[in-house]
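Written below as structure tokens is the structure these notes are about.
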Amino acid sequence: MKSFRTLIETAKQRNSYWFETAKLDFSVELNRMFKRTGMTQAELASKIDSSPAYITKVFRGDTNFTIETMIKLAIAVNGELHIQITPKNEKTKWFNELTSLGSEQRNIDETAKQWADLTKKSYETNSSFA
């Protein structure tokens, strides 16, 4: 019998694993943003000219998203969609994660220095080239 770790590693060899992971990641983040707005699922559905049943499917990760739909949903919850491609096995951090850690009045030079340090550490610890 295969171990769970072996099963996961085998699954990661298939494109379907990555499709489902991306859809789930989007759905989870959309739900987080949706909760911040305080709107109902019916209101969200109305904003994108859809049905509350569709929104339920979206939050379950049971839909194949188009980029157009992802953008509509992001805008409807006062967000933006960012699509990023990174080298395989490299972990990344978004710039807004860093800036949310400190005061909004943080000096831009200080932010840039911290971002460079964070990127360097991430590269050194996560890159197969280091």
Next item on the list: Keeping to region 1-60, report how many residues are under 30 Å from Asn89 (Cβ atoms), in a helix (DSSP H, G or I) and open to solvent by less than 70 Å² (accessible area, probe 1.4 Å).
Entry: 16
Next item on the list: Could you grab me the full set of residues in region 61-88 that are open to solvent by 50 Å² or more (accessible area, probe 1.4 Å) and under 19 Å from Gly38 (Cα atoms)?
Entry: Lys72, Ile75, Asn78, Glu80
Check: Since Lys91 meets every condition but one in (1) open to solvent by 100 Å² or more (accessible area, probe 1.4 Å); (2) within 24 Å of Ser16 (Cβ to Cβ); (3) modelled with pLDDT of 95 or more, which condition does it not meet?
Finding: (3)
Margin query: With the requirement that a residue be aliphatic (A, V, I, L, M) and in contact with a Gly (Cβ under 9 Å, 6 or more places away or on another chain), what does region 8-59 give you?
Written below: Leu24, Val28, Leu30, Met33
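The values are calculated or read from the model by the stated rules, or taken from the named source; none is laboratory data. Predicted, not measured: the structure shown is a model, and the values here were computed from it. Cβ: placed from backbone, ideal geometry, glycine included. Neighbour counts: every protein chain shown. When the accessible area is computed, the model is the full protein with side chains, heavy atoms only, and any ligands, DNA or RNA have been set aside. Shrake-Rupley method; radii C 1.70, N 1.55, O 1.52, S 1.80 Å.
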